[in-house]
Amino acid sequence: MIEVCITAAQTVTGLGTGLDPLFDGIMAGKSAVAPVERFGTARYLSPNACCVPGLAAGEDSLLYPLLERLMEGFPAVPADCRLLLASTKGPVDLMERLQRGEAVDPAELPMERVLSRVAGRCGTTGPALNVNAACASSTLALARAAQLIALGRCEAALVICLDLVSEFVFSGFSALQALSPTRCRPFDRNRDGLTLGEGGAALLLMSRERARREERKVLGVVAGWGAANDATHITAPARDACGLIQTVRQALARAGLTTDAIAAVSAHGTATPYNDQMEMTALRALFPGRNLPVHSVKGAIGHTLGAAGGIEAALALKCLEAGVLPPTVGLIEPDPEGVGLVSDAAQDIRGDFVLSTNSGFGGVNAAVILGRGDA
Amino acid sequence: MSAYLNGIGWVTGTGCGMGSQGSELIFADLPLPALARRDVFAEPNQRFGRMSDYAKLGLAALAFALRDAELESWSEKRPFGVVAGTRLGCLATDLDYQRTVLLEGGGLASPNLFAYTLANCFLGDAAIQFGLTGSLLAVNETQSAGLGALTMALDQLALKEEPVVLAGVCDLAPPEPLADVKHFFPGAAFLVLGDAPGEHCYGSISMAADGGIECNGVRVESMAELIAAAVNG
């Protein structure tokens, strides 16, 4: 198997453009939760979300200015790079406008068109694929990129993760009674639902040899990955966490690691009662007796849906470099199951590997294990 | 990398079918059949009637593929994966759902429809129906009409991530705003790929050095060509 390295990582979130504003913001306990101005929220459970400030699209989808921000200053992408996109709803704002009777070109709606435009902006020319696995989309896209390199199918792969805050998705989570009326509080005993967010992540993966040849700094390695389905419910997680446990075990096996090697966990942590309970069940089963540092970014930047795993993986690289896991913003009083794991303060990372997990509709679970890069 | 092709199932304009029944023509420019539960499952199924048309289509094709491979019935969950290629995914459901959002300022948005506004939604139903606990995901491709999903499935088998992976395509006819923009034959078809030959194995699927797909040594350029090569020899 060929070693898979990450040579560049960039994010755009409600806390700004770049990994430094994201990391520093969360370390300072900042949150991007604010009243939504993009559409009326009077009939919904919550007025709040984490939007990227200042996004303006004119006639186009907001997806493209978001992509533009993401790629500004991003290192050169090799033309032979495979492109893996992770987006659940793509240009959903165009679909909303079309349905309201506005003049929108329907040819812009299919993901095939989005893929072409993203490839054009990023300068990739090879086959491209959008991965749609609900809120685990970008973690699975990252895993697929790692598969391709590990098997020698390509030497480089670019993973682009993008999703927007839209009334379409906002209304749906509101109808499902899943939105927090105020702001989300991951792993809190009084958590009452999620807060939606938008954002993007770009991760450039290369074989170790290609990275060396191009003299690219290695930010981290994708040591392992896994995915499994609960096979229990369409929109709710398995109470016994069977899918997530299987997923993490696969990732550990792929990495050739035991649980002792994992130094911290970037959890999905949506702050819905059932998701967080399921994750705690999984972590207690996988890491019995350990007070492993665990955090969720959702209280700071919201649930960015298909982009979540990419943003969290990029942040995990920064955390490994800094040796610190940021606080779980929004957490006030930990759920009894989370005591000793989650914290409203930063926690030291004592080791070389971070586990990053996501779960989503359709019973999907996905995980990647990220290792430390060049010093 | 190669895998055994152990089952084929489809729902297209020519109707519902399985590889073992044979067929001269599978994908055609004909309307898809309106699927009822009894067309797919002999036993009552509480969820089927509430699914979106896209989800019914995908679930039905998966059911026929697993039935063809004699893998439909199960007593313990199985680590089988599914990779579903799709051009438009659940766009038709999205448009239906969005109509409910436009009413009463979103106050009447349908939670049941919303649950089907993801391209991978039918895979969750398939996981429950058939006890599938592998990696189940949908992919949109820029090239090669379903073969991207297939190559991904072959890689999963090569990495021994699952012993069985189903790969295929699932698309309704383009909904109204796209009817004049996108042209393809609607339908769903899935292949059951395994690391060992099944009872009614159709031969092997392999990936050439250039990434192209071959079925029993014959190069194919689309899922339709592949199925025709496997079923008709």
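The values are calculated or read from the model by the stated rules, or taken from the named source; none is laboratory data. Note that the coordinates shown come from a computational prediction; the quantities given were computed from them, not determined experimentally. A quick note on method: Cβ atoms are made from the backbone with ideal geometry, for glycine too, and the neighbour counts reach across all protein chains shown.
Please count how many residues of the stretch A:101-117 are more than 7 Å from every other protein chain (Cβ to nearest Cβ) and in a loop (DSSP other than H, G, I, E, B).
So the first thing to find is which residues in the stretch A:101-117 are more than 7 Å from every other protein chain (Cβ to nearest Cβ), and the list is A:101-105, A:108, A:113-114, A:117.
Remaining after also requiring in a loop (DSSP other than H, G, I, E, B): A:101-105.
The total comes to 5.
The set of residues in the stretch B:121-176 that are surrounded by 23 or more Cβ atoms within 10 Å (Cβ to Cβ), in a helix (DSSP H, G or I), within 7 Å of chain A (Cβ to nearest Cβ) and out of contact with any Leu (no Cβ under 7 Å at 6 or more places or on another chain) comprises B:Cys121, B:Gly124, B:Met152. Looking at A:Ala157, A:Ala143, A:Ala150, A:Ala136, just one residue is among the hydrophobic types (A, V, I, L, M, F, W, C), in contact with a Lys or Arg (Cβ under 6 Å, 6 or more places away or on another chain) and at pLDDT 95 or above, and that residue is A:Ala157. I'd like to know if the stretch A:118-127 contains one or more residues that are within 14 Å of chain B (Cβ to nearest Cβ), modelled with pLDDT of 95 or more, buried (at least 24 other Cβ atoms within 10 Å of the Cβ) and not in a strand (DSSP E or B). Yes, the stretch A:118-127 contains a residue that is within 14 Å of chain B (Cβ to nearest Cβ), modelled with pLDDT of 95 or more, buried (at least 24 other Cβ atoms within 10 Å of the Cβ) and not in a strand (DSSP E or B). Just so you know, in the stretch A:63-93 the residues that are of a type in the set (A, V, I, L, M) and surrounded by fewer than 23 Cβ atoms within 10 Å (Cβ to Cβ) include one that is farthest from A:Ala157 (Cα to Cα), and it is A:Leu66. Scanning the stretch A:196-249 for residues that are facing another protein chain (nearest Cβ under 9 Å), buried (at least 24 other Cβ atoms within 10 Å of the Cβ) and more than 30 Å from A:Val165 (Cα to Cα) yields a count of 0.
Checking the condition among the hydrophobic types (A, V, I, L, M, F, W, C), within 9 Å of chain B (Cβ to nearest Cβ), more than 20 Å from the chain's Cα centre (by Cα) and closer than 30 Å to A:Ile2 by Cβ, which residue from A:Leu140, A:Leu151 passes?
On inspection, the qualifying residue turns out to be A:Leu151.
Do we have any residue at all in the stretch B:64-76 that's crowded, with 24+ Cβ neighbours inside 10 Å and either under 22 Å from A:Arg117 (Cβ atoms) or small (Gly, Ala, Ser) (or both)? The answer is yes, given that some residue of the stretch B:64-76 is crowded, with 24+ Cβ neighbours inside 10 Å and either under 22 Å from A:Arg117 (Cβ atoms) or small (Gly, Ala, Ser) (or both).
Residues in the stretch A:154-167 that are more than 19 Å from A:Ile301 (Cα to Cα) and either assigned to a strand (DSSP E or B) or within 13 Å of chain B (Cβ to nearest Cβ) (or both): A:Cys154, A:Ala156, A:Ala157, A:Leu158, A:Val159. For the stretch B:98-120, the tally of residues that are more than 7 Å from every other protein chain (Cβ to nearest Cβ) and either crowded, with 24+ Cβ neighbours inside 10 Å or in contact (Cβ under 8 Å) with a residue 60 or more places away in the chain (or both) stands at 3.
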